[in-house]
Amino acid sequence: MTVSNSSQLANLFPAEDQIPVEYQIQPLHQREYLINGEMRSWDGPTTDVLSPVCLTGPNGLERKLVGSYPVTTDREALEALDAAVAAYDNGRGEWPTMSVGDRIACMERFIGKMLEQKTTVVNLLMWEIGKTLGDSIKEFDRTVTYIYDTIDALKDIDRAGSRFKIEEGIIGQIRRSPLGVVLCMGPFNYPLNETYTTLIPAILMGNTVLFKPPKHGTLLHYPLLEAFRTCFPKGVVNTIYGRGANVVPTLMQSGRINVLTLIGSSRVADSLKKMHPKSNRLRAVLSLDAKNAGIVLPDADVELAVKECMLGTLSFNGQRCTAIKIIWVHRSVADQFLRRLSEEVNKLKPGMPWEPGVQITPLPEPQKPQYLTDCIREAEAQGATVMNEGGGVVEASFVFPAVVYPVQKGMKLYREEQFGPVIPVVPFDDIEEPIDYIITADHGQQVSIFGTDTGQIASLIDPLVNQVSRVNINAQCQRGPDTFPFTGRKDSAEGTLSVEDALRSFSIRTVVATKNTDGNKAILNDIVGQHKSQFLSTNFIF
Ligand code: G3H
């Protein structure tokens with residue numbers, strides 16, 4: 001749809017009675033939180049959750065109230081920490097000492113209860129963050145698949161650990177053990193999926209967790225708390241609400257957090273890590289900022305490059321850490337690429353998340369439309385142009401995508417992670433220009449190369465694999481498949497988060513060893529034969 005003014009966008013927002021009945025929502029006012037196996041009630045301050053979806057009414061456009069949730073304080077955060085520390089009990093608690101098979105059984109029960117909440121969670125995903133219905137369903141289903149795959153990966157790891165090794169006269173059994181108390185914080189753009197890609201492996205490996213839902217995408221976790229409460233021993237999963245800047249430092253400064261896992265900003269991760277008094281005791285598993293570049297070479301299949309760049313830059317309005325956030329295009333194909341890209345952008349359908357075929361939806365971060373407008377205006381003041389008609393038109397939480405060209409050094413769009421529907425395009429003559437851009441960047445997650453000359457592609461692969469963690473050829477940047485390693489260099493990540501790697505990230509290899517003597521063999525045989533230990537065991541999970 002070509003948008004020429006903001007009133008066209010304003011007309012896309014519905015009145016309350018135009019919301020299809022199956023997606024209507026009654027405000028959900030959460031007044032409880034999960035600590036130590038109890039849903040505790042809260043009568044303190046709360047914060048309203050306002051949807052990116054605005055409704056038309058007598059006062060014009062207003063963000064729809066989705067509900068509210070507790071703003072708990074340091075006190076509740078420390079109670080949650082006490083509960084997690086007690087449940088871990090220095091590795092002697094019920095959960096960290098439970099057999100892997102029994103832990104998996106708890107998780108399978110959890111999946112069953114999670115599935116019962118699918119419709120509610122999907123509806124909340126749409127209302128809280130404006131994700132399309134199709135993508136919200138995908139996020140839920142992908143998360144369930146991720147949990148099943150994680151269980152399978154854990155079985156494989158456990159099977160590999162179910163045998164003894166004999167080397168240099170030493171008998172040993174090597175397994176993975178938990179790390180302790182994990183503080184887990186997810187992002188707003190994949191509030192369910194990305195939170196669970198750390199939370200679930202952390203739990204499965206025998207850790208206990210403090211879980212702080214993201215600022216946008218909080219309420220959708222509420223219907224799942226009862227499943228956590230009933231499927232795991234008390235204190236294994238505890239929730240933290242309230243302002244992160246107030247409660248999280250207290251937790252880090254306590255020195256009792258063993259693993260910080262955060263999918264969010266490198267600035268926040270950097271400052272939180274420094275708050276821990278015993279830095280060597282803290283493990284960090286982080287997925288952070290990125291400014292992935294697309295590079296369109298002179299011999300690229302322009303149609304393919306446009307198709308993949310559309311997906312890469314504008315899926316979920318560009319709000320993906322893996323999004324392509326800047327495109328370098330060789331000057332010889334720049335005109336053709338920009339014309340086709342602009343045409344395709346203007347075919348996108350903006351609308352409400354539940355509308356069939358909708359691709360551009362309202363943005364959840366209240367300041368984002370103004371920020372994106374500032375970026376575009378600043379680029380224009382320095383000589384860039386919005387190439388597509390209607391690009392950058394804003395109405396309330398809606399921003400129609402803008403293709404901005406030529407972007408250059410010194411503009412916000414050149415280095416800042418815009419995390420929204422603005423596509424900066426930079427022309428280049430010499431391939432050293434985009435390479436130098438990537439080398440001098442603070443980020444190092446992924447890159448996409450578009451071309452057909454195998455010599456040139458190969459000559460880019462070799463330097464770029466040492467700058468980023470995934471080089472995509474004629475394909476957009478993305479995290480999946482979830483069995484592929486997902487990580488980044490520099491300020492983009494710490495640790496790796498594929499299905500199997502995440503299990504490793506939240507555990508440590510531990511060995512039980514003895515000298516290969518008759519006496520020791522008899523001891524091992526007795527322990528194993530009589531099933532006296534969970535760790536020292538040859539039990540095999542099928
Ligand atoms: O926000 C970052 C997500 O991990 C992106 O995942 O590439 O599968 O959309 P995705």
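Rundown of residues vs (1) out of contact with any His (no Cβ under 7 Å at 6 or more places or on another chain); (2) in a helix (DSSP H, G or I); (3) in contact (Cβ under 8 Å) with a residue 40 or more places away in the chain, yes/no style:
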site	(1), (2), (3)
Leu61	yes, no, yes
Lys64	yes, no, yes
Gly67	no, no, yes
Gly112	yes, yes, no
Leu115	yes, yes, no
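Which residue, of Lys215, Lys274, is under 29 Å from Glu32 (Cβ atoms), surrounded by fewer than 20 Cβ atoms within 10 Å (Cβ to Cβ), assigned by TED's automatic domain parsing to the domain that holds Val66 and of a type outside the set (Ser, Thr, Tyr)?
Checking each option against the conditions leaves just Lys215.
So the check is Cβ under 6 Å with 6+ separation or different chains; which pairs have a first residue in segment 326-350 that's over 18 Å from Ala293 (Cβ atoms) and a second one that's in a helix (DSSP H, G or I) and of a type outside the set (Ser, Thr, Tyr)?
Partner pairs satisfying both residue conditions: Gln336/Val302; Arg340/Val306; Glu344/Val306; Glu344/Met310.
Kindly list the number of the only condition in (1) within 16 Å of the ligand (Cβ to nearest atom); (2) farther than 18 Å from His330 by Cβ; (3) surrounded by 22 or more Cβ atoms within 10 Å (Cβ to Cβ) that fails for Ser397.
Tallying (1) within 16 Å of the ligand (Cβ to nearest atom); (2) farther than 18 Å from His330 by Cβ; (3) surrounded by 22 or more Cβ atoms within 10 Å (Cβ to Cβ), Ser397 fails exactly one: (1).
Would it be correct to say that Pro364 is farther than 19 Å from Asn474 by Cα, outside any helix (DSSP H, G or I), within 16 Å of the ligand (Cβ to nearest atom) and not assigned by TED's automatic domain parsing to the domain that holds Asp429?
So Pro364 passes the test.
Can you confirm whether segment 376-384 contains a residue that is of a type outside the set (Lys, Arg), on the phi > 0 side of the Ramachandran plot and at pLDDT 95 or above?
yes
State which residue pairs qualify: first residue in contact (Cβ under 8 Å) with a residue 12 or more places away in the chain and inside segment 506-526, second residue surrounded by 11 or more Cβ atoms within 10 Å (Cβ to Cβ) and of a type in the set (Phe, Trp, Tyr) in any location, beta carbons under 8 Å apart, and separation of 6 or more residues or different chains.
Thr510/Phe535; Val512/Phe535; Leu524/Phe164
Given the criterion over 20 Å from Val447 (Cβ atoms), surrounded by 15 or more Cβ atoms within 10 Å (Cβ to Cβ) and either at pLDDT 95 or above or not β-branched (Val, Ile, Thr) (or both), identify the matching residue among Val512, Val468.
Just a single option satisfies the conditions, and that option is Val512.
Out of the residues in segment 478-509 that are in a loop (DSSP other than H, G, I, E, B), within 13 Å of the ligand (Cβ to nearest atom) and hydrophobic (A, V, I, L, M, F, W, C), which is surrounded by the most Cβ atoms within 10 Å (Cβ to Cβ)?
Step by step, filter segment 478-509, then rank; the result is Phe486.
Among the residues of segment 180-212 satisfying the criterion of being away from the ligand (no atom under 16 Å from the Cβ) and of a type in the set (Gly, Ala, Ser), which is farthest from Phe232 (Cα to Cα)?
Top of the filtered list is Gly180.
Which ones in segment 432-477 are among the polar types (S, T, N, Q), part of a loop (DSSP other than H, G, I, E, B) and more than 16 Å from the ligand (Cβ to nearest atom)?
Thr440, Thr452, Asn466, Gln467, Asn474
Inside segment 375-396, can you point out the residues that are more than 11 Å from Pro424 (Cβ to Cβ) and in a helix (DSSP H, G or I)?
Arg377, Glu378, Glu380, Ala381
Please go through segment 254-267 and give me each residue that is more than 28 Å from Asn472 (Cα to Cα) and either crowded, with 19+ Cβ neighbours inside 10 Å or within 16 Å of the ligand (Cβ to nearest atom) (or both), ordered by number.
If the condition is that a residue be more than 28 Å from Asn472 (Cα to Cα) and either crowded, with 19+ Cβ neighbours inside 10 Å or within 16 Å of the ligand (Cβ to nearest atom) (or both), then Arg256, Ile257, Asn258, Val259, Leu260 are the ones that fit.
The values are calculated or read from the model by the stated rules, or taken from the named source; none is laboratory data. Keep in mind the model is a prediction, meaning the values are calculated, not measured. Glycine gets a Cβ as well: all are built from the backbone with ideal geometry, and neighbour counts include every protein chain shown.
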